[in-house]
1. Residue check, residue 175 against (1) touching an Asp or Glu at 6+ places or on another chain (Cβ under 9 Å); (2) surrounded by 21 or more Cβ atoms within 10 Å (Cβ to Cβ), all met but one. Which one?
2. Just to be sure, is residue 64 within 11 Å of the ligand (Cβ to nearest atom), among the basic types (Lys, Arg) and modelled with pLDDT of 95 or more?
3. Do you know which residues across the stretch 49-87 are more than 16 Å from the chain's Cα centre (by Cα) and either crowded, with 18+ Cβ neighbours inside 10 Å or among the basic types (Lys, Arg) (or both)?
4. Can you name every residue in the stretch 173-200 that is in contact with a strand residue (DSSP E or B) (Cβ under 7 Å, 6 or more places away or on another chain) and under 21 Å from residue 5 (Cα atoms)?
5. Would you point out which residue out of 191, 184 is closer than 18 Å to residue 48 by Cα and surrounded by fewer than 18 Cβ atoms within 10 Å (Cβ to Cβ)?
6. All but one of (1) away from the ligand (no atom under 16 Å from the Cβ); (2) surrounded by fewer than 22 Cβ atoms within 10 Å (Cβ to Cβ) hold for residue 217, so report the exception by its number.
7. Does the stretch 123-148 hold any residues that are closer than 18 Å to residue 21 by Cβ and surrounded by 15 or more Cβ atoms within 10 Å (Cβ to Cβ), and which are they?
8. Which pairs have Cβ atoms under 7 Å, sit 6 or more apart or on different chains, and link a residue in the stretch 16-32 that is at positive phi to one that is among the charged types (D, E, K, R) and within 16 Å of the ligand (Cβ to nearest atom)?
Amino acid sequence: MTSTVTIPAKPGPVSFDLTKTALIIIDMQKDFLEKGGFGESLGNDVGKLFKAVAPCKAVLDACRNQDDVLIIHTREGHRPQEVCISKHKLSQTNNCIGKAGAFGRILIRGEKGHDIIPQVYPLESEVVLDKPGKGSFFATDLELILRAQNIENLIVCGVTTEVCVHTTVREANDRGFHCLVIEDACASYIDEFHAAAIKMVWAQGGIFGNVASSEELIKALQ
Ligand code: C5J
């Protein structure tokens, strides 16, 4: 039985063997999507990210229906002892990390705001990856997991498009993984950054990967 699906995408269609494919959902955490968290403390309108929630959930459900697709959720955050945030201390505006917010200490592991929003909450069987940086490969065992599971392709959703999604796609591309970014299942606080980041993925012959809509992916999986 073949498990290969072809998905219409930019700049051209992609064929993925689902046994070698993982869905990676980036940082769909309260700290980025809800008021009182990290995103809002940087002055962003967190409501902007909500348009990605329904497409992200639809993609997650479609992948859950495929027994073969490995599902990974990432969470950006730091240890309660704040020993792993030196990079953020370099920034004048990111210094809210560790401070008390509406959902506990901002962007700290174990706090309410660090957790994933209920709409796309991980199942026990799914991988949850805590990362201290923007990229999902930096200081995590993601590459080990993907290589051990013979994964070659990544379907990528989440927030924010130009920061953690893009950094992860760039890291993955350099490691030889084929990324398919789901445009409407990603979002940014800044509309033009989302548009530019998406175009950067598929432009120049798909320099970082391919881009499809959630509808295109879900139809191909049916
Ligand atoms: C940011 C992220 N924007 N998940 N993190 O700091 O994109």
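The values are calculated or read from the model by the stated rules, or taken from the named source; none is laboratory data. All figures in this text were calculated on a predicted structure; none of them were measured in a lab. Neighbour counts are summed over all protein chains in view; Cβ atoms, including those assigned to glycine, are modelled from backbone coordinates with ideal geometry.
1. Of (1) touching an Asp or Glu at 6+ places or on another chain (Cβ under 9 Å); (2) surrounded by 21 or more Cβ atoms within 10 Å (Cβ to Cβ), only one is false for residue 175: (2).
2. no
3. Filtering the stretch 49-87 for residues more than 16 Å from the chain's Cα centre (by Cα) gives 62, 64-68, 78-87.
Hits for the stretch 49-87 are 62, 64, 78, 79, 85, 87.
4. 173, 177, 178, 179, 180, 181, 182, 183, 185
5. On the way: 184 fails: surrounded by fewer than 18 Cβ atoms within 10 Å (Cβ to Cβ).
The conditions single out 191.
6. Looking at each condition in turn, residue 217 falls short on (2).
7. Going through the stretch 123-148, the residues closer than 18 Å to residue 21 by Cβ turn out to be 123, 125-127, 129, 136-137, 142-148.
Scanning the stretch 123-148 gives 126, 127, 129, 136, 137, 142, 143, 145, 146.
8. Pairs that qualify, where the first residue is at positive phi and the partner is among the charged types (D, E, K, R) and within 16 Å of the ligand (Cβ to nearest atom), are 27/75; 27/76.
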